[in-house]
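Read-outs: derived from the displayed coordinates by stated rules, not from any lab. If you're wondering where the values come from, they're calculated on a predicted model, not measured in any experiment. Neighbour counts are summed over all protein chains in view; Cβ atoms, including those assigned to glycine, are modelled from backbone coordinates with ideal geometry.
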Ligand code: FES
Ligand SMILES: [Fe+2]
């Protein structure tokens, strides 16, 4: 069997997946450009409904993101062509009112665009995996804190790998976590077709617990760690504090923008802060410092891709969760490359039909 190529940010298989492309709050009735897998898309709310199109007007290929919404249409800034919510051109000012509109004058839409957990997700082609679920986001006992969206020269695959990796804590996070036991407790992994869960329980130093200072609980306490992963890059870490009570849930959703850049959307959900905004702000600042420590490592990589050939790296028992990530993404690549690509076929056929101008 031939060896699989590494997974770069613009791998074709990633077209068959949902990706975060913006926070919901970033998308208004003013068009905004986002980048995904090396392509530019425009997002806009037309009369309140979220729409996404390739950021390219079919007339002279100007970016639609410099246009504007006008009533129930998106208008191109260059020659004023207007497109309805389905992407059909409904007006060409240079032809005057009532002139026939060329049938090919329509915008290219992705397979899907949806909003979930305060983010906009886009799937260029029919997705194989669902959008990663975060039940805590809908649970009224949790409060949410968003980290600022981070942009980095990084590989989404390597960032996902880093999020799941527990062996780096004492080396990369000494300034934030403090001294940690370097031994990684065994993880139990349960796999579904397009997701997996990895769990372990261990002792840790609970510096956040007010019960420690009050002498109610010891400094070293028990914690359950649960990683939830949905392909390709929807990751959630849930920390359950088994002695002090409460949970800290960290969402980590990655947008592979181009071969060399990623955006990172991270939100934390807590049910142990008594709804206190000051404690949540401190928790967000702590998590941001942790992510920046990770990015310092990730941005130093020369090769921005995740190896899928299992002989390209050395794997140990301490790497159980990151091995499963490689298996999951390998299955994604193999399935995407063997399954029919209906959207892509349709797009290719559409381009072939552009034989010549009827003017
Ligand atoms: S390029 Fe958009 S209307 Fe001409
Ligand atoms: Fe880390």
Expressed in nanometres to one decimal, the distance between label points 7 Å along Cα→Cβ at residue 301 and residue 59 is 4.3 nm
Given a Förster distance of 25 Å, the FRET efficiency implied by the Cβ-Cβ spacing of residue 47 and residue 114, rounded to the nearest 0.05, works out to 0.90
Which angle from 0 to 90°, rounded to the nearest 10, does the C-alpha axis of helix 320-338 make with the longest principal axis of the chain?
20 degrees
Helix 277-298: inclination vs the chain longest Cα principal axis, degrees, rounded to 10, gives 80 degrees
Averaged over every viewing direction, what's the projected area of the C-alpha convex hull for the chain? Give it in nm², one decimal, please.
20.6 nm²
Once label points are set 7 Å from the Cα along Cα→Cβ at both residue 140 and residue 259, what is their separation, rounded to one decimal in nm?
5.2 nm
Identify which of 63, 130, 218 has the largest mean-square fluctuation in a Gaussian network model of the chain, with springs joining Cα atoms closer than 10 Å.
218
Most exposed to least, judged by fewest other Cβ atoms within 10 Å, 66, 216 sort to 216, 66
Starting from the Cα-Cα distance between residue 203 and residue 313, subtract it from 0.36 nm times their residue separation and give me the gain in nm to one decimal.
36.7 nm
Run through every distinct alpha carbon pair of the stretch 128-219 and return the Kirkwood hydrodynamic radius in angstroms, one decimal place.
17.0 Å
Quick one: order 53, 177, 252, 196 by neighbouring beta-carbon count within 10 Å, fewest to most.
177, 196, 53, 252
Need the full-extension length gain, residue 153 to residue 88, defined as separation in residues times 0.36 nm minus the C-alpha distance. One decimal, nm.
19.8 nm
Under the Kirkwood approximation for Rh and a Cα-based Rg, what ratio Rg/Rh is obtained for the stretch 219-330?
1.00
If I stretch the segment between residue 95 and residue 335 completely, what's the gain in nm (0.36 nm per residue apart, minus their alpha carbon distance), one decimal?
81.7 nm
Once all Cα-Cα distances of the stretch 1-158 are split into 10 Å bins that start at 0, what whole-number percent is in each one?
10, 34, 31, 17, 7, 1, 0
With Rg and the Kirkwood Rh both taken from Cα atoms, where does Rg over Rh land for the stretch 132-337?
0.95
Using a Förster distance of 45 Å, the FRET efficiency for residue 33-residue 213 (Cβ separation, nearest 0.05)
0.35
Would you look at the GNM of the chain, springs on alpha carbons closer than 10 Å, and say which of 263, 327, 104 moves the most?
104
Picking from 126, 300, 160, which is most flexible by a Gaussian network model of the chain using Cα springs under 10 Å?
300
Cβ-Cβ FRET estimate between residue 104 and residue 77, R0 fixed at 25 Å, reported to 0.05:
0.75
Label-point gap, in nm, between residue 188 and residue 285 - each point 7 angstrom along Cα→Cβ:
3.9 nm
The stretch 68-219, relative contact order [Cα under 8 Å, separation at least 6], %:
8 percent
